[in-house]
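Let me begin by presenting the structure, written as structure tokens, before commenting on it.
The values are calculated or read from the model by the stated rules, or taken from the named source; none is laboratory data. A quick note: this is a predicted structure, and the numbers were derived from the prediction, not measured. Ideal geometry is used to build each Cβ from the backbone, glycine not excepted, and the neighbour counts take in all protein chains shown.
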Amino acid sequence: MVFLFAPMALTAADEPSVNTICPVTGKPVDGTIPAVIVTVGKGERAKRIAIGVADRAAADKVKASPAAYVEASKANRKAN
């Protein structure tokens, strides 16, 4: 299976995040910081996932390497 990870900047209000714990820091998600929208999959099976973050530095890390944080976000935990 091929996954395409393409982060896009939308506000948290545009799409609710799948997590309440930041996958980068392990801290609670800050709802005032835009969620990072990641597209997982390809074509008709592609899904958009909004990953909430605790701060802007965490958002930058998710944007730089979204694949590293998708599963942790879905599990609502910090990534290993």
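Quick look at the values:
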| item | result |
| --- | --- |
| Meets criteria (modelled with pLDDT of 95 or more, more than 11 Å from the chain's Cα centre (by Cα), surrounded by fewer than 18 Cβ atoms within 10 Å (Cβ to Cβ) and not in a strand (DSSP E or B)) for THR25 | yes |
| Single residue of segment 50-80 satisfying the filter (touching a Ser or Thr at 6+ places or on another chain (Cβ under 7 Å) and among the aliphatic types (A, V, I, L, M)) that is farthest from VAL29 (Cα to Cα) | ALA50 |
| All positions within segment 41-68 that are closer than 11 Å to VAL18 by Cβ and touching a residue at least 24 places away in the same chain (Cβ under 8 Å) | ARG48, ILE49, ALA50, ILE51, GLY52 |
| Residue satisfying all of: in segment 33-64; among the small types (Gly, Ala, Ser), within 10 Å of the chain's Cα centre (by Cα) and part of a loop (DSSP other than H, G, I, E, B); nearest to GLU15 (Cα to Cα) among these | ALA35 |
| Segment 69-80: number of residues that are under 11 Å from the mean Cα position of the chain (by Cα) and either in a helix (DSSP H, G or I) or without any contact (Cβ under 8 Å) to a residue 12 or more places away in the chain (or both) | 5 |
| Hey, LYS74 among the charged types (D, E, K, R) and surrounded by fewer than 13 Cβ atoms within 10 Å (Cβ to Cβ) or not | no |
